[in-house]
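This is the structure I have questions about; it appears just below.
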Amino acid sequence: MAFKKLAMITQEADGWQVPDWRRLQADLVTGVGELCERLSLRPDQIPGGADDDSAFPLRVPRRYLDLIEPGNPDDPLLLQILATGREREAVPGYNADPLDESRHTPVPGLLHKYHGRALLVVTGACAVHCRYCFRRHFPYQEHLSGGRWQQALDWLARRTDINEVILSGGDPLTLSNRRLGELLEALAALPHLRRLRIHSRTPVVIPERLDEGLAALLASPRWRATLVLHANHPREISPALAERCRALGRGGVTLLNQSVLLAGVNDDAEALASLSDALFEAGVLPYYLHQLDAVAGAAHFAVPDARARDLHAALRDRLPGFLVPRLAREEPGAGSKTVLAG
Ligand code: SF4
């Protein structure tokens, strides 16, 4: 498969004024009709039929549409964002809570699955709705109402065996720098927390989110922060994203990436190898390649394990070991991820 580099105008490259990421985050497409019009597609070209009435509605920043090839209903970036009728198929084994997270919630807004680590669900908001999302049915309202983060912070204060906190959601980088700063300040006051990790897909769809204010927050001498990006395809590593990742790396942030292996999107050795190359050029190391979590509505993205292992072997043949992500699956109730190929 050849990857056509789409012409993308970046404000940085042209020396224009850099826009506020919040304005870009609010500049959304939420309707199938507009999406198809913007991408020169007819709804009847969409495999499975476009679905304008999904309970997990279409949501994509216009900024991301710059990366999608117009007129191509099979574009791998389009497939990640376009709600289709295939999501309505009931498939045995696929359910609303594939990782059984409701059993690992000691207090609202906090998940404790693995030794020494806890995950904070800091928001239910996302910059983009990814059709394969394993939390697409997550009951955010139960976790984020009332005192918001306080119960989770109180739990963390008591649990001195926890040394790493992971900010997740939803997407934590949809929060303003001010809100994020307040949360980081509260976490920094807990002396047993030694590592801070943030998982986010927002920079992939809005690279401008990696702004100076965020870089200043993450450069705190309190800890060395790790940002785990969620990019799935080499075309998502735009020049604007790469430039901002490199700047964050120069500021001392550790940058990793985890991808989900998705049929029709990146189940292709060339795509995955190109993704690792592009990440490395941006100063980001490939970390995990995840097998899909069995969430209802996403079964059409599943790649069989045997095929996944073959793809991983092809990556090992093409790339140095440090650019080969671990192929893994998360199993409900397991004490760690299950590595299918390392
Ligand atoms: S950004 Fe992450 S949490 Fe939000 S929809 Fe996408 S995969 Fe799900």
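Per residue and in Å³, how big is the convex hull formed by the alpha-carbon atoms of the chain?
Values: hull volume 45.9 nm³, N = 342.
Each residue corresponds to 134 Å³ of Cα convex hull volume.
Under the √(5λ) rule applied to the eigenvalues of the Cα gyration tensor, what semi-axes describe the equivalent ellipsoid of region 64-114? Give them in Å, descending.
Working: eigenvalues 221, 59, 13 Å².
For region 64-114, the semi-axes come out at 33, 17, 8 Å.
Same structure again: Please compute the length gained on full extension between Ala314 and Arg148, using 0.36 nm multiplied by the number of residues separating them and subtracting their Cα-Cα distance.
55.2 nm
Give me a comma-separated list of calculated 3J(HN,Hα) values for region 267-281, in order, Karplus coefficients 6.51, -1.76, 1.60 applied at θ = phi - 60°, integers in Hz, x for any Gly or Pro.
Result, rounded to whole Hz: 7, 7, 4, 5, 4, 5, 5, 5, 4, 4, 4, 5, 4, 4, 4.
From Cα coordinates alone, what are the radius of gyration and Dmax values for region 196-236 in angstrom?
11.3, 35
Continuing with the same structure: Report the residue, chosen from Val260, Val205, Val107, that carries the largest GNM mean-square fluctuation when the chain is represented by alpha-carbon nodes joined by springs under 10 Å.
Of Val260, Val205, Val107, the Gaussian network model singles out Val107 as fluctuating most.
Rounded to the nearest 0.05, what FRET efficiency do Ala157 and Ser40 have when you use their Cβ-Cβ distance and R0 = 51 Å? Write out the running numbers ahead of the final one.
Details: r = 54 Å, r/R0 = 1.06.
It comes to 0.40.
On to the next question. What residues qualify as long-range amide H neighbours of Ser238, i.e. H under 5 Å apart, gap of 5 or more or another chain, H built at 1.01 Å from N?
Close amide H contacts, sequence-distant or interchain: none at all.
So, in Å, what gap is there between the alpha-carbon centers of region 148-189 and region 67-127?
Between the Cα centre of region 148-189 and that of region 67-127, the gap is 21 Å.
Kirkwood hydrodynamic radius, region 21-88, all distinct C-alpha pairs: what's the number in Å? Working shown, then result.
Numbers: mean 1/r = 0.0828 Å⁻¹.
Radius from the Kirkwood sum: 12.1 Å.
Further question on the same structure: For region 157-315, what is the Kirkwood estimate of the hydrodynamic radius, computed as the reciprocal of the mean inverse distance between distinct Cα atoms, to one decimal in Å? It would help to have the intermediate numbers written out before the result.
On the way: mean 1/r = 0.0597 Å⁻¹.
Taking every pair of different Cα atoms in region 157-315, averaging 1/r and inverting gives 16.8 Å.
On full extension of the chain, what length is gained from Thr30 through Glu270, given 0.36 nm per residue of separation minus the C-alpha to C-alpha distance?
Fully extending the segment from Thr30 to Glu270 adds 83.3 nm.
In deg cm²/dmol and to the nearest 500, what is the mean residue ellipticity at 222 nm of the chain if only DSSP H runs of at least 4 residues count, each as -39500 (n - 2.57), divided by the residue total?
Working: 13 runs with 103 residues, N = 342.
Only helices count here, giving -8000 deg cm²/dmol.
Here's something else I'd like to know. For Ala189 and Glu212 in one chain, what is 0.36 nm times their gap in residues minus the Cα-Cα distance, to one decimal in nm? Could the numbers behind the result be given before it?
Numbers: separation 23, 0.36 × 23 = 8.28 nm, distance 2.33 nm.
Full-extension gain reported as 6.0 nm.
Values quoted throughout were computed directly from the atomic coordinates according to the rules given, and no laboratory measurement underlies them. Since the structure is predicted, the reported quantities are computational estimates derived from the model, not experimental observations. Note that we place each Cβ from the backbone using ideal geometry, even for glycine, and neighbour counts take in every protein chain shown.
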